[in-house]
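Report on the following structure.
The values are calculated or read from the model by the stated rules, or taken from the named source; none is laboratory data. Owing to the predicted nature of the structure, the values given are computational and were not obtained by experimental measurement. Cβ: placed from backbone, ideal geometry, glycine included. Neighbour counts: every protein chain shown. We work out accessible area using only protein heavy atoms, side chains counted, and drop any ligands, DNA or RNA first. Shrake-Rupley method; radii C 1.70, N 1.55, O 1.52, S 1.80 Å.
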Amino acid sequence: MDFRSRVTSIEHYHLIDDRPDQPNVISCELTVSGPFDLDAAMQAARQIAPRQPMACARLEKGHWGRRYWVADNQSIEQLRWETMDEAASDSPRRVDLWHGPAIRLLMQSNGETTRLSFRIPHAAVDGVGGLQCLVEWLIAYHQVITGAERPRLRQLDVGQLARRNHLRLLSREFIAKLWIQPIAMLGASKFLLREVTSLSNAQGDEQPLDASRDFQYLSRDISPDALRRLQQDARSAGATVNEFLVRSVFLGIHGFLKAAGRHQEGQWLRLMIPINIRDYADRRMPAANRASIVQLDRTDRDFADPDGMIWGLNYELGNIRKWNLEKTFLLIVRCMSVVPGLIRRSTRKKVCRATSVLTNLGSPLDRVKLPRRDGKLVAGNLIIEDIDLIVPLRPLTAVGFAAVRYAGQQKLTLHYDPIQMSGEQAKQLMDFVVDELQRGYSS
């Protein structure tokens with residue numbers, strides 16, 4: 001398989017501090033029961049590699065400092081499952097994009113259960129794309145183990161990757177809303193100028209920029225009763241479950257800061273929300289970085305009315321969707337890329353860009369065409385017992401949250417940087433957020 005494509009502006013932005021040997025990583029952690037077959041796992045990984053060139057690509061330098069994604073048969077052959085012990089000497093999170101494929105496959109077994117870790121640099125693939133790779137691997141593994149006919153996968157066109165950076169600015173829909181974009185970009189300037197609160201314990205020059213450290217995370221299940229109440233509250237308020245999740249994270253962080261004595265009057269809290277921008281025209285595109293972000297700011301006057309906050313979030317996120325404002329961030333990054341070195345200088349600044357991150361990927365395994373047992377996915381000789389999604393963190397953003405539903409259970413995962421936040425603080429923060437989530441909506 002031959003594939004060569006120039007690194008786009010948003011992909012360059014996600015190469016933290018312009019360090020391809022220390023990329024920011026998205027991870028999906030699976031807990032499985034059953035006799036994990038390492039040879040079958042490798043066969044499955046090699047089967048999906050030709051369909052997903054970005055997940056198996058490496059970086060290559062071109063003329064004039066340009067960089068290109070390159071995937072070839074040699075890089076595919078370097079794919080292998082590593083035990084955590086093997087990888088420990090070089091940090092299991094570290095991926096060097098100059099050498100070998102972007103994807104990293106790790107495993108850890110205690111004899112009864114096995115933890116499988118799929119790690120892909122955010123510069124190459126976003127969360128939706130990473131889950132696409134995972135689902136195809138599960139299907140291929142099931143077929144290798146059972147010998148059954150593989151369910152028909154969607155036909156993909158590698159050529160569409162050349163259009164992964166297209167925003168379709170000349171589409172009729174976008175042109176009709178073009179007039180609002182300069183206003184949105186002007187409004188976005190406040191996000192660049194406003195100082196937001198960091199949850200990091202480190203200050204100033206002590207705050208690290210190294211994205212290669214292995215991550216720590218906490219995971220909590222939301223009770224089925226709380227989930228049903230959350231869905232009912234969302235319907236009665238005319239809002240979405242995701243907006244209630246956003247509200248709970250804001251309130252939880254606010255409560256955590258007050259309990260820790262770190263709240264300051266007038267301080268701003270900011271959540272960074274990833275937005276999937278794939279549409280019908282992208283249905284045959286392999287996994288790629290095809291996402292944007294929006295940023296939501298809240299301060300003391302918003303927290304004075306916790307129930308009323310949901311109306312503000314519903315209005316703001318509704319307008320973002322209505323006016324295609326999720327593309328504003330991508331337009332800004334693209335403008336920055338015109339000035340040589342501007343993105344690099346921006347990402348190196350020791351400034352907190354967001355208090356936290358929240359991504360909600362819904363129920364990504366619900367439609368996978370594999371057998372189930374007690375609501376849990378069965379892939380060959382494995383039962384998928386649990387799934388955790390680990391969001392990447394920008395430098396100086398100490399924590400990030402991910403929400404996912406699996407086997408009827410709503411899960412919330414908190415990823416934290418152990419240098420910027422202690423494990424005990426992370427647990428306290430998670431408690432505050434889950435308490436807010438389960439408290440419900442009183443209006």
> Out of the range 221-273, which residues are farther than 16 Å from THR359 by Cβ, among the basic types (Lys, Arg) and at pLDDT 90 or above?
Replying inline: ARG235, LYS258, ARG262
> So, of the residues in the range 260-300 that are part of a loop (DSSP other than H, G, I, E, B) and of a type in the set (A, V, I, L, M, F, W, C), which turns out to be nearest to PHE329 (Cα to Cα)?
Replying inline: ILE277
>> Residues that are modelled with pLDDT under 95, open to solvent by 40 Å² or more (accessible area, probe 1.4 Å) and polar (S, T, N, Q): list the helices (runs of 4 or more DSSP H) wholly contained in the range 324-443 that include at least 1 such residues.
In response: 328-338, 423-439
>> Looking only at the range 181-214, filter to residues that are surrounded by 11 or more Cβ atoms within 10 Å (Cβ to Cβ) and of a type in the set (Asp, Glu); which one of those is modelled with the lowest pLDDT?
In response: GLU206
> Which ones in the range 215-243 are closer than 24 Å to ARG298 by Cα, surrounded by fewer than 18 Cβ atoms within 10 Å (Cβ to Cβ) and of a type in the set (S, T, N, Q)?
Replying inline: GLN231, SER236, ASN242
>> Could you tell me how many of the residues in the range 278-309 are in contact with an Asp or Glu (Cβ under 6 Å, 6 or more places away or on another chain) and not charged (D, E, K, R)?
In response: 5
> How many of the residues making up the range 54-86 are open to solvent by less than 70 Å² (accessible area, probe 1.4 Å) and under 22 Å from LEU116 (Cβ atoms)?
Replying inline: 11
>> Cβ-Cβ under 6 Å, sequence separation 6+ or interchain: first residue in the range 32-46 and among the small types (Gly, Ala, Ser), partner part of a helix (DSSP H, G or I) and open to solvent by 20 Å² or more (accessible area, probe 1.4 Å). Which pairs?
In response: ALA40/VAL144; ALA40/ILE145; ALA44/VAL144
> Counting just the residues of the range 250-301 that are over 21 Å from VAL434 (Cα atoms) and of a type in the set (Lys, Arg), which one comes out least open to solvent (accessible area, probe 1.4 Å)?
Replying inline: ARG290
>> Any residue at all in the range 139-147 that's surrounded by fewer than 21 Cβ atoms within 10 Å (Cβ to Cβ) and outside any helix (DSSP H, G or I)?
In response: yes
> Taking into account only those residues within the range 15-34 that are in a loop (DSSP other than H, G, I, E, B) and at pLDDT below 90, which is surrounded by the fewest Cβ atoms within 10 Å (Cβ to Cβ)?
Replying inline: ASP21
> Considering only the range 390-425, how many residues are among the aliphatic types (A, V, I, L, M) and over 14 Å from THR355 (Cβ atoms)?
Replying inline: 7
